[in-house]
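As structure tokens, the structure follows; a few thoughts come after it.
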Amino acid sequence: MSGSLNGKIAIVTGATRGIGLGIARGLGEAGATVVVTGRSNLRKRSRERLPGTVETAAKAVDDAGGIGRWFVCDHVSDAEVEALVERVREEFGRLDILVNSAWGGYEDYDPYGFETQFWQLDQDFWERMIERGLRMTWRTSRIATPLMIASGGGLIVNVSAGDRGLYLGNLLYDVAKYSVDRMTFGMAAELLDHKISVVSLYPGFTRTERVMSVYSGPLEITESPLYSGRAVVALASDPKVMRRSGKSFKTGELAREYKFVDEDGRQPAPFRVDSPEAEFTRPPEKQ
């Protein structure tokens, strides 16, 4: 799909690392101009000391064949998101693709506490999953959508997680992620006449920096962040993508339909929450 998105303008939120970075790289492979956002930059690094900055993400887009731009943005702030969209409006005059990948729910995340029962969770967990997680998708979409409408249409991808209603193992994570899907459904209904398709994307078991910091199992059951990027490219390149609006798709499902592969040439199957492989997503026993 090299060059299939030449001239298209995209914003990918939370793109300094992980799935967001993979999506930005994928869009770069297709020739898009990609504005990557995040809080980590060369002057201020991640609170959790994870690798990646907006500058290195923009360079990764360039190296992939696209045009990379970066913007430091905390997506919990209306003012910062408004400044981001205004910068895109001023520099490019349009917005064709918005990928909501930023997710504050994992900040200060303790993987060993993920299966804590809901009555034992503290209020801060709600703040992370709902206020710093779900609201980022709402806030950025609300502010960016008018520019997409003025551009004549486009694609919004909300990065989510789930498996056709199967429980995700933690009440607030489950509520937040399936709420993203319901938000996708409602946004799609309201944007139908504006020719903007809105979909949820379910990455599989992905080798992000955070995952690999606690995972030591077999790599053949995992996928790279670029796999999600190629899924977004397939959707954005599809002239009939409006027929998908309001729905949720796994990366592996889209790979089979659009016939793309991961960066290692494999085509990882659609991930299932209740599969034996899902057990590997659980953190090891705490020592």
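E209 fulfils the conditions (1) modelled with pLDDT of 95 or more; (2) in contact with a Lys or Arg (Cβ under 6 Å, 6 or more places away or on another chain); (3) surrounded by fewer than 17 Cβ atoms within 10 Å (Cβ to Cβ) except for a single criterion, (1). Residue count for the range 232-273 satisfying the condition of being crowded, with 16+ Cβ neighbours inside 10 Å, more than 18 Å from the chain's Cα centre (by Cα) and of a type in the set (F, W, Y): 1.
Just one of the listed residues (K44, K59) is modelled with pLDDT under 95, surrounded by fewer than 24 Cβ atoms within 10 Å (Cβ to Cβ) and more than 18 Å from the chain's Cα centre (by Cα), and it is K44. In summary, D174 fulfils each of the numbered conditions (1) in a loop (DSSP other than H, G, I, E, B); (2) without any contact (Cβ under 8 Å) to a residue 24 or more places away in the chain with the single exception of condition (1). Restricting attention to the range 254-287 and to residues that are among the acidic types (D, E) and outside any helix (DSSP H, G or I), the residue that is modelled with the lowest pLDDT turns out to be E285. Checked against (1) surrounded by 15 or more Cβ atoms within 10 Å (Cβ to Cβ); (2) assigned to a helix (DSSP H, G or I), D124 meets all criteria but (1).
Scanning the range 230-253 for residues that are in a helix (DSSP H, G or I) and touching a Pro at 6+ places or on another chain (Cβ under 9 Å) turns up A231, T251, G252, E253.
The values are calculated or read from the model by the stated rules, or taken from the named source; none is laboratory data. Model, not experiment: these values are computed from the prediction. A quick note on method: Cβ atoms are made from the backbone with ideal geometry, for glycine too, and the neighbour counts reach across all protein chains shown.
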